[in-house]
Amino acid sequence: MSRRNELLRYLGARLALAPLMLWLIASLVFLLLRVAPGDPIDALLGPKAPAAVRAALRQQLGLDQPLTVQYGHFISNLLHGDLGLSQASQEPVAGIIRQSLPASLELGVTALLLAAVVGLAVGFSGIARPEGKLDLAGRLYGIGTYALPPFWAAMLVQLVFAVWLGWLPVGGRFPPSLLPPTGTGFYLLDSLRAGNWSQLQGTVRHLTLPAATLGLLLSGIFDNALRLNLRRALASDYVEAARSRGLGEARVVLRHALPNALLPVLTITGITVASLIGGALLIEVTFSWPGIAFRLQEAISQRDYPVVQGIVVVVAALVVMVTVLVDLLVALLDPRIRF
Amino acid sequence: MNGASFPDAPAASTAALIQRWQPRTLSGRMARWGVGIVLAYALVALLTPLAIHLGVLADPNAGLDNPIYAAPSWGHWCGTDRLGRDVCVRTLAGSGVALQVVLIALLLALVVGVPLGMLSGYLGGWVDRLLVLLMDTLYTLPVLLLSVVLAFLLGRGLPNAAAALCVVYVPQYFRVVRNQSAQVKAELFVEAARSLGAGPIWILRRYLLRNVITSVPVLLTLNAADAVLVLGGLGFLGLGLPETIPEWGSDLQQALTALPTGIWWTALYPGLAMFVLVLGLSFLGEGLESWLSGNDTERNAL
């Protein structure tokens with residue numbers, strides 16, 4: 001079969017698997033609520049609520065209907081983008097998520113860019129002398145950034161730079177004295193597009209500490225991935241061949257080893273970042289950054305089940321899609337992948 | 001970092017393994033540091049309840065007689081928190097709690113994941129495919145998200161927190177064990193054993209378990225490091241353990257509200273304890289991995 005056809009078949013199979021996984025996640029979340037010990041009404045109202053209130057809520061949530069009917073409703077609502085109403089505020093859950101997602105994405109993307117630049121630089125710096133001081137420092141850097149509890153690292157950064165030195169704001173996304181920029185919900189883009197200097201300044205000042213913290217914490221993944229794969233590439237036959245042809249070391253590293261090392265880096269970081277972003281986003285709570293994790297924490301403390309369920313399903317869907325996209329990207333870029 | 005698939009360690013003799021122990025390399029040194037740190041935590045975990053019982057240390061929940069938010073002093077080396085409880089004692093007591101929950105969670109994950117993976121890999125067919133799809137889906141989800149859902153549903157409590165953590169790690173053991181089982185199944189010596197009349201249980205026990213067990217210790221240590229962080233994350237979100245149990249994550253959540261006023265001691269010590277424990281477990285796992293794979297310079301990346 002030609003390469004083109006093979007690639008298309010692989011893409012098709014991978015894309016077909018994604019909705020299956022999404023369906024599985026949604027069903028799991030649904031099932032968990034129903035098989036979890038205890039009555040969900042108890043969880044929402046507490047065991048001492050009067051019987052009439054309990055019955056009313058049971059009917060409102062559709063919990064009095066058979067399980068199969070409930071499941072049908074849940075899936076069909078999900079397909080229509082309806083995630084139910086918040087117990088605490090009666091707002092649609094989809095609206096809450098739409099409001100807070102841009103904040104998370106803005107923080108996440110800025111941090112990832114920073115992480116890639118710093119992590120790849122640290123990982124690359126050790127290559128001149130394997131097992132040398134720089135290389136070992138890079139390895140320790142990778143482990144150290146992983147071992148730091150993200151929310152604690154954020155607290156220390158906040159304490160030093162915001163509380164003691166007072167250079168940057170303690171938390172929040174935008175100065176309360178200003179009107180936030182409108183449009184896409186991405187404040188950096190919006191304020192740039194509007195050409196509003198004070199809005200941009202406020203956005204950047206609030207974004208700096210959270211993005212820098214998250215970026216440095218995630219940079220260890222890039223550092224580790226590049227260091228390991230670069231070393232593997234440098235030990236391979238084609239690098240040996242290039243060296244024996246008399247090519248300079250710089251050319252061997254940059255033109256032969258590096259391109260081959262970067263592809264696995266893409267796969268590894270894609271997977272790891274997707275799985276780590278949940279833990280790392282806890283720094284939203286530390287910095288009161290009004291993103292999805294901050295909302296999740298709020299919903300947890302209010303025992304607002306529909307919001308928790310909605311956020312989990314949406315974030316899980318995003319992670320599955322990112323994983324699939326990274327897979328597809330690698331398949332497109334790597335001429336060797338055959339399935 | 002976690003959930004990596006490891007190369008089959010060749011069945012090396014103990015003498016050969018000891019010979020590979022080269023403390024001059026970074027992995028060797030890391031492994032030593034890791035052992036030291038983890039042992040120190042285990043010791044603290046054992047001695048703290050004893051010291052509290054004997055009255056050498058204060059009760060981690062008692063604090064009404066103390067001044068609140070007192071800075072570190074001779075009376076309270078790490079200061080007191082918003083209820084006047086001693087931060088040192090709470091931090092020390094937290095190590096026992098963390099180790100306990102993580103140990104229970106990982107043992108549970110092992111007990112569920114390993115047999116399931118062995119069966120799935122050995123049986124193959126649609127059972128295998130279904131289980132793989134399910135486990136892959138769970139594996140794709142961010143670790144914290146999955147345990148947040150479970151901890152939210154199960155409520156607070158020690159077994160509940162362990163159960164919420166356990167589910168996260170089952171897919172990792174399943175994957176490693178399943179892939180190795182599927183590989184070993186096709187080997188000639190298994191074929192030979194089967195033709196001699198060996199039943200599936202014999203084959204699973206005799207050939208699979210021994211091959212599989214070599215890759216488990218590394219995964220276990222690295223997962224323990226991860227689980228400490230996840231447990232802390234749960235506590236920080238107000239989930240996991242009951243409020244009466246001193247736990248680093250929930251102590252940090254409480255420290256957060258006082259942080260803008262410059263109270264640093266309630267935030268510093270519990271987080272530091274968590275960081276050093278995770279560091280120790282990561283060192284141990286990394287060192288163990290290079291040691292078992294017999295190659296100190298090259299690690300498996302994925």
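Between A:Ala52, A:Ala43, which is modelled with pLDDT of 80 or more and in a helix (DSSP H, G or I)? Can you show your working first?
Details: A:Ala43 fails: modelled with pLDDT of 80 or more.
From the options A:Ala52, A:Ala43, the qualifying one is A:Ala52.
Conditions first: (1) touching a residue at least 24 places away in the same chain (Cβ under 8 Å); (2) within 12 Å of chain A (Cβ to nearest Cβ). B:Gly271 passes all but one, so which condition is the exception?
Here B:Gly271 clears every test but (1).
Residue under question is A:Leu156, and the condition is that it be within 14 Å of chain B (Cβ to nearest Cβ), under 25 Å from the mean Cα position of the chain (by Cα) and surrounded by 20 or more Cβ atoms within 10 Å (Cβ to Cβ); does it hold? Walk me through it before giving the result.
Numbers: within 14 Å of chain B (Cβ to nearest Cβ): yes; under 25 Å from the mean Cα position of the chain (by Cα): yes; surrounded by 20 or more Cβ atoms within 10 Å (Cβ to Cβ): no.
The answer is no for A:Leu156.
Which members of the stretch B:207-256 meet the condition of being within 11 Å of chain A (Cβ to nearest Cβ), within 16 Å of B:Leu83 (Cβ to Cβ) and either within 16 Å of the chain's Cα centre (by Cα) or not aliphatic (A, V, I, L, M) (or both)?
If the condition is that a residue be within 11 Å of chain A (Cβ to nearest Cβ), within 16 Å of B:Leu83 (Cβ to Cβ) and either within 16 Å of the chain's Cα centre (by Cα) or not aliphatic (A, V, I, L, M) (or both), then B:Asp251, B:Gln253 are the ones that fit.
Are there any pairs, at least 6 apart or on different chains, whose C-beta atoms fall under 7 Å, with the first in the stretch A:125-151 and of a type in the set (Asp, Glu) and the second not in a helix (DSSP H, G or I), and if so, which?
Note: pairs meeting the criteria are A:Glu131/B:Thr297; A:Asp135/A:Arg129.
With A:Leu266, A:Leu228 as the choices, which residue is buried (at least 19 other Cβ atoms within 10 Å of the Cβ), within 29 Å of A:Gly144 (Cβ to Cβ) and within 14 Å of chain B (Cβ to nearest Cβ)? Step through it out loud before you land on a result.
Values: A:Leu266 fails: buried (at least 19 other Cβ atoms within 10 Å of the Cβ).
Residue meeting the stated conditions: A:Leu228.
Would you kindly identify the helices (runs of 4 or more DSSP H) lying entirely within the stretch A:61-167 that contain at least 2 residues that are farther than 24 Å from A:Leu214 by Cβ?
Working: elements: A:67-79, A:93-125, A:133-147, A:150-157.
Of the helices (runs of 4 or more DSSP H) lying wholly inside the stretch A:61-167, those with at least 2 residues that are farther than 24 Å from A:Leu214 by Cβ span A:67-79, A:93-125, A:133-147.
Every residue, every condition in (1) touching a Leu at 6+ places or on another chain (Cβ under 7 Å); (2) surrounded by fewer than 24 Cβ atoms within 10 Å (Cβ to Cβ), yes or no:
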position	(1), (2)
B:His76	no, yes
B:Thr80	no, no
B:Gly94	no, no
B:Ala105	yes, no
B:Arg129	no, yes
B:Leu138	yes, yes
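Given the criteria outside any helix (DSSP H, G or I) and either of a type outside the set (Val, Ile, Thr) or free of Cβ contacts under 8 Å to residues at least 60 places away in the same chain (or both), does B:Arg129 qualify? Outline the logic, then answer.
On the way: outside any helix (DSSP H, G or I): no; either of a type outside the set (Val, Ile, Thr) or free of Cβ contacts under 8 Å to residues at least 60 places away in the same chain (or both): yes.
Here the answer is no, as B:Arg129 does not meet what is asked.
Please determine whether any residue of the stretch B:185-194 is in contact (Cβ under 8 Å) with a residue 60 or more places away in the chain, away from chain A (no Cβ under 11 Å), more than 24 Å from B:Gly238 (Cβ to Cβ) and over 21 Å from the mean Cα position of the chain (by Cα). Even if it seems obvious, please write down each step before you answer.
Going residue by residue through the stretch B:185-194, those that are in contact (Cβ under 8 Å) with a residue 60 or more places away in the chain are B:185.
After this cut, where a residue has to be away from chain A (no Cβ under 11 Å) as well, the list is B:185.
Subset that is more than 24 Å from B:Gly238 (Cβ to Cβ): B:185.
This time we only want the ones that are over 21 Å from the mean Cα position of the chain (by Cα), so: B:185.
Yes, the stretch B:185-194 contains at least one residue that is in contact (Cβ under 8 Å) with a residue 60 or more places away in the chain, away from chain A (no Cβ under 11 Å), more than 24 Å from B:Gly238 (Cβ to Cβ) and over 21 Å from the mean Cα position of the chain (by Cα).
Within the stretch A:172-211, take every residue that is of a type in the set (D, E, K, R) and not in a loop (DSSP other than H, G, I, E, B) and give me the one that is modelled with the highest pLDDT. Show your work before the answer.
Going residue by residue through the stretch A:172-211, those that are of a type in the set (D, E, K, R) are A:173, A:190, A:193, A:205.
From what's left, not in a loop (DSSP other than H, G, I, E, B): A:190, A:193, A:205.
On the way: A:Asp190: 83, A:Arg193: 83, A:Arg205: 88.
Here the answer is A:Arg205.
Which one of B:Gly34, B:Gly121, B:Gly113 is under 28 Å from the mean Cα position of the chain (by Cα), buried (at least 21 other Cβ atoms within 10 Å of the Cβ), touching a residue at least 60 places away in the same chain (Cβ under 8 Å) and within 14 Å of chain A (Cβ to nearest Cβ)? Please lay out each step first, then the result.
On the way: B:Gly121 fails: within 14 Å of chain A (Cβ to nearest Cβ); B:Gly113 fails: within 14 Å of chain A (Cβ to nearest Cβ).
Going through B:Gly34, B:Gly121, B:Gly113 in turn, the sole match is B:Gly34.
Restricting attention to the stretch A:120-153, report how many residues are more than 9 Å from chain B (Cβ to nearest Cβ) and among the small types (Gly, Ala, Ser).
The qualifying residues number 8.
Which of the residues spanning the stretch A:288-319 are facing chain B (nearest Cβ under 8 Å), more than 17 Å from A:Leu83 (Cα to Cα) and not β-branched (Val, Ile, Thr)?
Correct list: A:Gln297, A:Ser301.
Yes or no, residue by residue, for (1) at positive phi; (2) crowded, with 16+ Cβ neighbours inside 10 Å; (3) touching a Gly at 6+ places or on another chain (Cβ under 6 Å):
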{"position": "A:Val122", "(1), (2), (3)": "no, yes, yes"}
{"position": "A:Pro176", "(1), (2), (3)": "no, no, no"}
{"position": "A:Gly183", "(1), (2), (3)": "yes, no, no"}
{"position": "A:Leu189", "(1), (2), (3)": "no, no, no"}
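Would you confirm, using the coordinates I've provided, whether A:Trp167 is among the hydrophobic types (A, V, I, L, M, F, W, C), away from chain B (no Cβ under 14 Å), closer than 21 Å to A:Leu114 by Cα and over 23 Å from the mean Cα position of the chain (by Cα)?
Values: among the hydrophobic types (A, V, I, L, M, F, W, C): yes; away from chain B (no Cβ under 14 Å): yes; closer than 21 Å to A:Leu114 by Cα: yes; over 23 Å from the mean Cα position of the chain (by Cα): yes.
Yes, satisfied.
From the set of residues in the stretch B:140-159 that are closer than 21 Å to B:Thr244 by Cα and aliphatic (A, V, I, L, M), which is farthest from the other protein chains (Cβ to nearest Cβ)?
That would be B:Leu158.
Select from the stretch B:243-282 the residues that are within 20 Å of A:Ala147 (Cβ to Cβ) and among the charged types (D, E, K, R) and list them in ascending order.
Across the stretch B:243-282, the qualifying residues are B:Glu247, B:Asp251.
Which ranges mark the helices (runs of 4 or more DSSP H) fully within the stretch B:161-217 that have 1 or more residues being in contact with a Gly (Cβ under 9 Å, 6 or more places away or on another chain) and of a type in the set (S, T, N, Q)? Write out each step before concluding.
Details: elements: B:188-195, B:200-203, B:209-213.
Hits in the stretch B:161-217: none.
Which condition breaks for B:Arg156 when tested against (1) touching a Gly at 6+ places or on another chain (Cβ under 8 Å); (2) part of a helix (DSSP H, G or I)?
(2)
If I go through the stretch B:41-70 residue by residue, how many of them are in contact (Cβ under 8 Å) with a residue 24 or more places away in the chain and more than 14 Å from chain A (Cβ to nearest Cβ)?
Applying the first criterion (in contact (Cβ under 8 Å) with a residue 24 or more places away in the chain) to the stretch B:41-70 yields B:41-42, B:44-46, B:48-49, B:52, B:57-61, B:69.
If we keep only those that are more than 14 Å from chain A (Cβ to nearest Cβ) too, we end up with B:42, B:44-46, B:48-49, B:52, B:57-61, B:69.
Final tally of qualifying residues: 13.
Confirm whether B:Thr91 is in a helix (DSSP H, G or I), closer than 15 Å to B:Ala273 by Cβ and within 14 Å of chain A (Cβ to nearest Cβ).
Working: in a helix (DSSP H, G or I): yes; closer than 15 Å to B:Ala273 by Cβ: yes; within 14 Å of chain A (Cβ to nearest Cβ): yes.
Here the answer is yes, as B:Thr91 does meet what is asked.
Six or more apart or on different chains, Cβ atoms under 6 Å: show the pairs whose first residue is in the stretch A:18-30 and in a helix (DSSP H, G or I) and whose second is surrounded by fewer than 18 Cβ atoms within 10 Å (Cβ to Cβ).
A:Leu22/A:Ala317
Anything in the stretch A:283-339 that is part of a helix (DSSP H, G or I) and among the acidic types (Asp, Glu)? List them, or say none. So that I can check it myself, show each step before the final result.
Taking the stretch A:283-339 as the starting set, the residues that turn out to be part of a helix (DSSP H, G or I) are A:283-286, A:292-301, A:305-333.
Result: A:Glu284, A:Glu298, A:Asp327.
Could you please let me know if A:Val35 is within 23 Å of A:Ile300 (Cα to Cα) and at pLDDT 75 or above? Give the steps one after another, and end with the answer.
Working: within 23 Å of A:Ile300 (Cα to Cα): yes; at pLDDT 75 or above: no.
The answer is no for A:Val35.
The values are calculated or read from the model by the stated rules, or taken from the named source; none is laboratory data. All values derive from a computational prediction rather than experimental measurement. In this analysis, Cβ positions are derived from the backbone assuming ideal geometry, glycine residues included, and neighbour counts consider all displayed protein chains.
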